[in-house]
Amino acid sequence: MSGRLIIFSAPSGAGKSTLVQSLIDSGIEFSFSVSATSRQPRGNERNGVEYYFLTPDEFKRKINTDEFVEYEEVYPDCFYGTLKSELQKKLDEGKNMLFDVDVVGGLNIKKQYGNQALAIFIMPPSKEKLRERLIKRSTDSEEMIEKRIAKADWEMTFAPQFDIVIVNNILEEAKKQVETTVRHFLSH
Ligand code: ADP
Ligand code: 5GP
């Protein structure tokens with residue numbers, strides 16, 4: 001049987017990576033879809049683990065040779081995309097795949113895979129909290145933080161198109177809700 005797709009999208013800083021990590025730690029077996037990006041690695045990120053880090057030229061070459069299921073220019077000059085090679089092979093092996101992608105990419109994948117996919121939108125409790133979290137995470141420059149916040153309103157307008165919206169206010173509650181929702185989806 002072909003694997004299922006669990007898609008997480010959210011404005012940057014909403015807590016998506018934290019919740020995805022908690023889901024992995026809960027013991028459900030997933031294969032993580034490693035995206036390609038043209039942005040620079042940050043912190044301890046390693047090529048082939050968090051992302052495949054490509055130069056902008058390499059990324060564009062792969063667009064031209066139709067190697068992506070979907071890709072987006074999420075921020076100016078920062079491309080992100082899901083490689084066909086990465087996805088189909090694992091689905092065919094029956095692996096459930098976890099996606100952490102931007103809202104447009106998430107809905108794109110959902111459209112292509114229908115009921116085989118569960119699209120989850122992680123909503124921050126407020127814009128103020130979003131800013132606080134991005135500042136506290138201290139992985140982005142001030143300019144990048146402002147870019148991410150400026151995009152959040154637009155991103156949140158897509159929330160109703162997702163299968164479910166989970167508000168990440170109290171972390172432990174959000175973690176539980178994510179786990180329950182995913183377990184329910186995978187058991188049907
Ligand atoms: P994203 O992957 O959506 O960009 P992260 O998971 O990196 O977001 O979370 C952004 C920051 O907010 C991190 O420092 C994380 O530890 C923190 N965080 C995540 N969820 C919560 C929460 N419910 N309450 C407070 N801080 C949180
Ligand atoms: P970050 O730079 O914080 O790692 O990611 C920035 C944004 O790019 C996040 O919203 C993340 O979900 C999105 N993203 C990561 N990989 C992909 C992908 O393969 N496709 C799309 N469309 N967006 C992605």
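The values are calculated or read from the model by the stated rules, or taken from the named source; none is laboratory data. What you are looking at is a predicted structure, and each value in this text was computed from that prediction instead of being measured. In this analysis, Cβ positions are derived from the backbone assuming ideal geometry, glycine residues included, and neighbour counts consider all displayed protein chains. For the accessible areas, the whole protein counts, side chains as well, though only heavy atoms, and no ligand, DNA or RNA atoms are used. Shrake-Rupley method; radii C 1.70, N 1.55, O 1.52, S 1.80 Å.
A few remarks follow.
- Within the set Leu130, Leu107, the sole residue that is in contact with a Lys or Arg (Cβ under 9 Å, 6 or more places away or on another chain) and in contact (Cβ under 8 Å) with a residue 60 or more places away in the chain turns out to be Leu130.
- Only one entry of Phe158, Phe185, Phe121 meets the criterion of being over 17 Å from the mean Cα position of the chain (by Cα) and either at negative phi or hydrophobic (A, V, I, L, M, F, W, C) (or both), and that entry is Phe185.
- Every pair of residues 6+ apart whose Cβ atoms lie under 8 Å, when the first sits in segment 15-36 and is free of Cβ contacts under 8 Å to residues at least 60 places away in the same chain while the second is within 16 Å of ligand 1 (Cβ to nearest atom): Val34/Val49; Val34/Glu50; Val34/Tyr51; Ala36/Tyr51; Ala36/Tyr80
- Scan of segment 24-55 for residues that are outside any loop (DSSP other than H, G, I, E, B) and closer than 17 Å to Pro76 by Cα, ordered by number: Ala36, Thr37, Phe53
- Considering residues of segment 27-60 that are of a type outside the set (Phe, Trp, Tyr) and within 12 Å of Leu98 (Cβ to Cβ) only, the residue most open to solvent (accessible area, probe 1.4 Å): Glu29
Residues checked against (1) at pLDDT below 95; (2) in contact with a strand residue (DSSP E or B) (Cβ under 8 Å, 6 or more places away or on another chain):
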position: Thr82; (1), (2): yes, yes
position: Val104; (1), (2): yes, yes
position: Gln116; (1), (2): no, yes
position: Glu128; (1), (2): yes, no
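So that you can scan it fast, the table gives a plain yes or no per residue for (1) of a type in the set (Gly, Ala, Ser); (2) under 23 Å from Ala174 (Cα atoms); (3) more than 12 Å from ligand 2 (Cβ to nearest atom):
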| position | (1), (2), (3) |
| --- | --- |
| Asp92 | no, no, yes |
| Gly106 | yes, yes, no |
| Leu118 | no, yes, yes |
| Phe121 | no, yes, no |
| Pro124 | no, yes, yes |
| Lys127 | no, yes, yes |
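- Unmet requirement for Asn169, which otherwise passes all of (1) surrounded by fewer than 14 Cβ atoms within 10 Å (Cβ to Cβ); (2) out of contact with any Pro (no Cβ under 7 Å at 6 or more places or on another chain): (2)
- Breaking point among (1) open to solvent by 50 Å² or more (accessible area, probe 1.4 Å); (2) over 22 Å from Gly13 (Cβ atoms), for Gly114: (1)
- Selection count where residues are within 13 Å of ligand 1 (Cβ to nearest atom) and either open to solvent by less than 10 Å² (accessible area, probe 1.4 Å) or not in a loop (DSSP other than H, G, I, E, B) (or both), scope segment 1-23: 13
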